[in-house]
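The values are calculated or read from the model by the stated rules, or taken from the named source; none is laboratory data. Note that the coordinates shown come from a computational prediction; the quantities given were computed from them, not determined experimentally. Heads up, the Cβs are rebuilt from the backbone with ideal geometry, glycines too, and the neighbour counts pull from every protein chain shown. Each accessible area value is taken on the protein alone, full model and side chains, heavy atoms only, with ligands, DNA and RNA left out. Shrake-Rupley method; radii C 1.70, N 1.55, O 1.52, S 1.80 Å.
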Amino acid sequence: MNEKAVSVELGHALREWGVSGNHQEHVEFRRWIIKEAVSALRLKPDAKKSMESIKKSKFPKDIRSAYEHVLHNELTDKDFIYAYIDKCCDIDGPEEPFYRRPDKFNPSKVNYIRRKAHKHTKMEDIDPLTRFQFEICSTEVVLFQSWILKTEGQAAADGLFFEAAIACHALQHESCYNCKCRQTLRWNGGSGSAWQDLICTMCKSTFEVKTKANMMKVESNFDYYRSIPGGSFTEWCRLINNGERNQKKFLVMMPRTPALNRQLQKIHPVQIAEIDYVLPRIQPRTFNPNYSHVRLSTHVFLKKRAKWFDLPSPGEKIDRDDIAKEVFIKRFQKDCYDSLYNLYFGNSNEESKAPRTEYAGKSSEEKTAANSGGLRVEAEETVIEQFRALEVAPDDWEDLLSDSD
């Protein structure tokens, strides 16, 4: 990854998003994005955990406790993240209104074709500098939506559970894929550790864990797509500049739907590939004017995939919904849970006696006042509309946190 490759990729990506005008606002934005991304290539790591502390870290040995541990470590170092409302939210298809295509007669030239889904969208609605409306949304609202309401669907809600299951199994039963040493893997996920859900304390290899719906999705991501979406570009730059020259970075992927092995046992085949290189990727939050530095995700390019191990299916015995509710209440108190439950479901929760409180968009001091009855809830319809506009998937939380001011 070099400055030229980063600049060229962002030049194409900006035009795919419609930032292609010759007027001052678009020209200045393009210059700013590229300058910020090139500067990120030289970023040094923030203060990090020492390898000694990672070696001594403990991770639960049963899946239920492991899942609780992972939930307790999600979104722990920020009070809020930004949600957004998209003027083109009714469009079915990719968010980028254009796609690039090499010219048939001149391969060095690239054409930008308007997608059919955006064919009738007004140009002023396509412009990403005005297309998105960003709102502050509190951590508890984000987690309530994902854990309790499951606004991203059951599959997305299961992502953290399987991350916990992989860590719980690998730390006890598997050797490092790179150096083959046993008992050297440690869980290093949660807030503030992008790109390294697992780490080997011997060879220092890092492992980023992702899940897909089924094995067909896993295979297509590895074998057919030129690249797959990844996490924070800024945090990737910090990782590769950490002074560990021979450190290998791997991407681990497994299907959430189990398969049967030859013994007719339900298992999840865990696949792995070394990360070859990454390029910056633009997302809606790239256009958030509230940030002082650019927010970019990544396209991850991988080397050849291989099988690492089979994860025995955790089965249906663990009540994940119950665990998620318990952890939420431990972290944010029952009054907060009841208030948000009432906000979405009215008074159908018989055990809830707490007044309805608006938590999104408040500072820590304001939220404290809200808990003590010092704030009145805004119009319920407006609040719920704002919450439903939230666009956050579990795979992106770590990315969003590491990029927050």
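Figures for the structure shown
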{"item": "With every protein chain in place, the range 193-242: carbon and sulfur % of accessible area (1.4 Å)", "result": "49 percent"}
{"item": "Exposure of residue 335 as accessible area (Å², to 10), given a probe of 1.4 Å and all protein chains", "result": "80 Å²"}
{"item": "Surrounding net charge for residue 34, when Lys and Arg each add one and Asp and Glu each subtract one, Cβ distance under 12 Å", "result": "0"}
{"item": "Label-point separation in nm, residue 123 to residue 111, each point 7 Å along Cα→Cβ", "result": "2.0 nm"}
{"item": "Theoretical FRET efficiency, 1/(1+(r/R0)^6), r = Cβ-Cβ of residue 313 and residue 104, R0 60 Å, to 0.05", "result": "0.75"}
{"item": "Neighbour-limited loop hits for trypsin sites (Lys or Arg not before Pro), the range 298-329 (at most 11 other Cβ within 10 Å; DSSP other than H, G, I, E, B)", "result": "304, 317"}
{"item": "Sequence ranges 137-145, 288-296, 14-22, 118-126, ranked by mean other-Cβ count within 10 angstrom, highest first", "result": "137-145, 14-22, 288-296, 118-126"}
{"item": "Dipole of the range 10-59 [Lys/Arg +1, Asp/Glu -1 at C-beta], most positive-end residue of 20, 10, 40", "result": "40"}
{"item": "Protein accessible area in the range 23-65, 1.4 Å probe - carbon and sulfur %", "result": "55 percent"}
{"item": "Peptides ranked, highest mean first, by Cβ atoms within 10 Å: ranges 261-270, 201-210, 1-10", "result": "201-210, 1-10, 261-270"}
{"item": "Summed side-chain charge close to residue 164 - residues other than residue 164 whose Cβ falls under 12 Å, Lys, Arg +1, Asp, Glu -1", "result": "-3"}
{"item": "Size of the range 1-142 as Cα extents on the principal axes (Å, biggest first)", "result": "59, 37, 30"}
{"item": "Net +/- balance of residues flanking residue 110 in space, Cβ distance below 13 Å, scoring K and R +1, D and E -1", "result": "+2"}
